[in-house]
Amino acid sequence: MYIKDTILKSLAMANMDPIITMNRDPLSHPSYETFLEVMKKERKTAAEAEALWKLLIDGFRHQRELNKDAQKEAEIIKDAAQFNALLMKYKIPEPLKSIYQENYIYFSEKIAKASSSDKQKRANENYMSFLRGVVRSTNPEFEQFANQLRALLIIPGGRELALWSGGIDLSIFSYEKSRCPLEQTVLGKLLNTMPITTLWNLEAPLWNIISRTFVSQYGRLPVHVYFRVLDNASVLLRQELPLMQKINPSVAIHWHPVFNYPIGMAEVGVHGEAITESGRGIDDMKAAAELLIAKLGAASYKANRQAFERANSDYFDPTRPPFAIDD
């Protein structure tokens, strides 16, 4: 992502966002040739690649309207009945519909149980963010794009699925440990390195939909979660893992707490030591989280969480998250 960030700055300087925002010719986008080259390597014809690219750009254009609708829809929802009507309006399929219904209960209860004004404010923000996210992630063009290219979301042989939370470095780290995150599939790698827009609030829903398509293919495989922070409101805990568990209730989830030691990034051992080899992970999420919190200390863990929240905001921040390290 950080190589991409540099390119995005150049893209902004070249003022290429109007291709999306002002409905200019999609094929005039500077990244189209890169997309075409990769599609040809994957045995797509030039006509197929062109159609897919136009579908993708149409998705970005549609996303602008969905983002506007999302705020309006979120402000209307006052109870579960209205939320269920929203799911019907946007034709949310199962098992995603059930996951959203469970999430609605979760976020609503957080507001009701908030013990302070600060906690209630945060709970309300998470609730509204969740409601907006439901609408923002209903982009039919992005759905079609992901489904038509799901064959490019294949995990290479000999690897197991990796998910992560706490910075793109963990994607690279998990791949080095012989697992496969989304960003190391053919499509994931292409989208991660090919700049399309500087407007992160248009691109984030694409990644959400691509991620759903990715994990839905691997409900029968073990999943390894590499994390430097856990947030109960995150896509990881509220969508990706629940989706896999709906597909396969007995899916094996292995947790890998990660810390920046003086020797570099490594997994946290049971005594706080650095584990450099590729481990199986920890089967219990709470135990894994407690290891990381004990290593970081409460103050540093809070800094990690704040970095995580910034990285998942609606505003694109190209700076590297300042995850805590061992002094």
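All of the numbers you see were taken from the coordinates with simple rules; none came from a lab. Worth saying up front: this structure is predicted, and the values here are computed from it rather than measured. Cβ coordinates were reconstructed from backbone atoms using ideal geometry, including for glycine residues, and neighbour counts include every protein chain displayed.
Quick notes
- Comparing Asp17, Asp118, Asp169 in a Gaussian network model of the chain (Cα springs below 10 Å), the most mobile by mean-square fluctuation is Asp118.
- Length added when fully stretched, Ala114-Gln245, from 0.36 nm per residue minus Cα-Cα: 44.3 nm
- FRET efficiency, Lys97 to His271 (Cβ-Cβ, R0 51 Å, nearest 0.05): 0.70
- Fluctuation leader among Ile275, Ile155, Ile20 - the chain, Gaussian network, Cα springs under 10 angstrom: Ile275
- Extreme residue, positive dipole direction of region 2-311, given options Ile57, Leu190, Phe259 (C-beta unit charges): Ile57
- Sparsely packed loop sites in region 67-109 (the trypsin sites (Lys or Arg not before Pro) outside DSSP H, G, I, E and B with at most 11 other Cβ atoms within 10 Å) comprise Lys78, Lys91.
- Evaluated at q = 0.10, 0.12, 0.16 Å⁻¹, the base-10 log of the normalised Debye intensity for the chain, with identical point scatterers placed on the Cα atoms, takes the values -0.62, -0.91, -1.57.
- Counted residue by residue at 0.36 nm each, then reduced by the alpha carbon distance between them, the extension gain from Glu48 to Met194 reaches 50.7 nm.
- In this structure, the residue pairs whose Cα-Cα separation is over 25 Å, taken from Lys189/Lys295; Lys246/Lys286; Lys72/Lys97; Lys89/Lys189, are Lys189/Lys295; Lys89/Lys189.
- FRET E, pair Arg122, Asn201, Förster distance 22 Å, beta-carbon r, rounded to 0.05: 0.60
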